[in-house]
Amino acid sequence: MELKGMSRTKLIAYLEGQLRHFFPDSRIGVRGELNKHIDEALFRVLRSINAVRIWPQNMFDPLHTEQNTMFLYFLANTIWQRNGNDRLAAKIYYLNKALNGFNCYYEVSLPEIFFVGHSLGIVLSRAHYSNYFAIYQNSTVGWNNGREPKFEEGVVIFPGSYVMGNCAIRQGTIVSLGTIIIDQDTKANNIVFSKNGQLSFRKPKRDLLNDIFRLEDRR
């Protein structure tokens, strides 16, 4: 794996500097914790990077904002999973929110293969996510009346959309621009639209999921 513009050691120092700048609480041990978990986080983000068609394979650029968004999520989630350091995980989550406008708590289980297109204003709460999940700016996934959405594999959510509550978002669903889905299900392999609370569906004219992901590499 190539780290564009910096080494592993410099990436750890870079992250430590960002965390100390935003959270100057004099806590020690940050570098050691980052060193312990960064390789797993890099491995996880590389899997998603390599699945995205427009990105060079086997290379992570910390200054590529979408890749950085995904990396910071994986880092916070990995640290929380491995040793329960919720304070450091919370700082990295907060850093991601401050830098990239991406609101996804470290305890949320995003899939191992996903894509963020323009991270600003994305809110992802706890839900059942599956691989080949793509989401664009100003979109929200959330609970409603204590129920959460369930996403099958290969879902794309285009900008300004909401998926809330007891929803089954079927395989191959394309959520069109500005669509609102609340406690409703979709049809597999269809584009979904909403108007006045009603959903309508149309078969896509092209394979939009394949435009985003390298589906030929899917195992």
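The values are calculated or read from the model by the stated rules, or taken from the named source; none is laboratory data. Everything quoted here is computed from the prediction, not taken from an experiment. Positions of Cβ are generated from backbone atoms using ideal geometry, with glycine treated the same way; all protein chains shown enter the neighbour counts. Just the protein is used for accessible areas: all its heavy atoms, side chains included, with ligands, DNA and RNA removed. Shrake-Rupley method; radii C 1.70, N 1.55, O 1.52, S 1.80 Å.
See the values below:
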{"item": "Considering residues of region 9-36 that are open to solvent by less than 80 Å² (accessible area, probe 1.4 Å) and of a type in the set (D, E, K, R) only, the residue farthest from the chain's Cα centre (by Cα)", "result": "Asp25"}
{"item": "Subset of region 108-122 that is without any contact (Cβ under 8 Å) to a residue 24 or more places away in the chain and open to solvent by less than 50 Å² (accessible area, probe 1.4 Å) - its residue that is farthest from the chain's Cα centre (by Cα)", "result": "Gly121"}
{"item": "Where a residue in region 1-13 is closer than 14 Å to Arg31 by Cβ and its partner, wherever it lies, is in a loop (DSSP other than H, G, I, E, B), with Cβ under 9 Å and at least six apart", "result": "Leu11/Pro62; Ala13/Met6"}
{"item": "Identity of the residue in region 179-214, open to solvent by less than 40 Å² (accessible area, probe 1.4 Å) and in a loop (DSSP other than H, G, I, E, B), that ends up nearest to Tyr129 (Cα to Cα)", "result": "Thr186"}
{"item": "Evaluation of Ile212 against (1) in contact (Cβ under 8 Å) with a residue 12 or more places away in the chain; (2) over 19 Å from the mean Cα position of the chain (by Cα); (3) closer than 22 Å to Ala51 by Cβ (one fails), failing number", "result": "(2)"}
{"item": "Pairs with Cβ under 6 Å, 6+ apart, first in region 180-197 and within 16 Å of Val155 (Cβ to Cβ), second of a type in the set (Phe, Trp, Tyr)", "result": "Ile180/Tyr162; Lys187/Phe201; Asn190/Phe201; Val192/Phe201"}
{"item": "Failed criterion for Phe43 (all others in (1) surrounded by 21 or more Cβ atoms within 10 Å (Cβ to Cβ); (2) under 17 Å from Arg8 (Cα atoms) hold)", "result": "(1)"}
{"item": "Test: Tyr105 is buried (at least 20 other Cβ atoms within 10 Å of the Cβ), over 10 Å from the mean Cα position of the chain (by Cα) and either within 24 Å of Phe213 (Cβ to Cβ) or without any contact (Cβ under 8 Å) to a residue 24 or more places away in the chain (or both)", "result": "no"}
{"item": "Identity of the residue in region 142-178, open to solvent by 50 Å² or more (accessible area, probe 1.4 Å) and not in a loop (DSSP other than H, G, I, E, B), that ends up nearest to Leu120 (Cα to Cα)", "result": "Tyr162"}
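Each row is one residue, and each column tells you yes or no for (1) open to solvent by 10 Å² or more (accessible area, probe 1.4 Å); (2) in contact with a Ser or Thr (Cβ under 8 Å, 6 or more places away or on another chain).
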{"residue": "Val52", "(1), (2)": "no, no"}
{"residue": "His64", "(1), (2)": "yes, no"}
{"residue": "Asn68", "(1), (2)": "yes, no"}
{"residue": "Ala76", "(1), (2)": "no, no"}
{"residue": "Trp80", "(1), (2)": "yes, no"}
{"residue": "Gly84", "(1), (2)": "yes, no"}
{"residue": "Arg87", "(1), (2)": "yes, no"}
{"residue": "Ile92", "(1), (2)": "no, no"}
{"residue": "Asn96", "(1), (2)": "no, yes"}
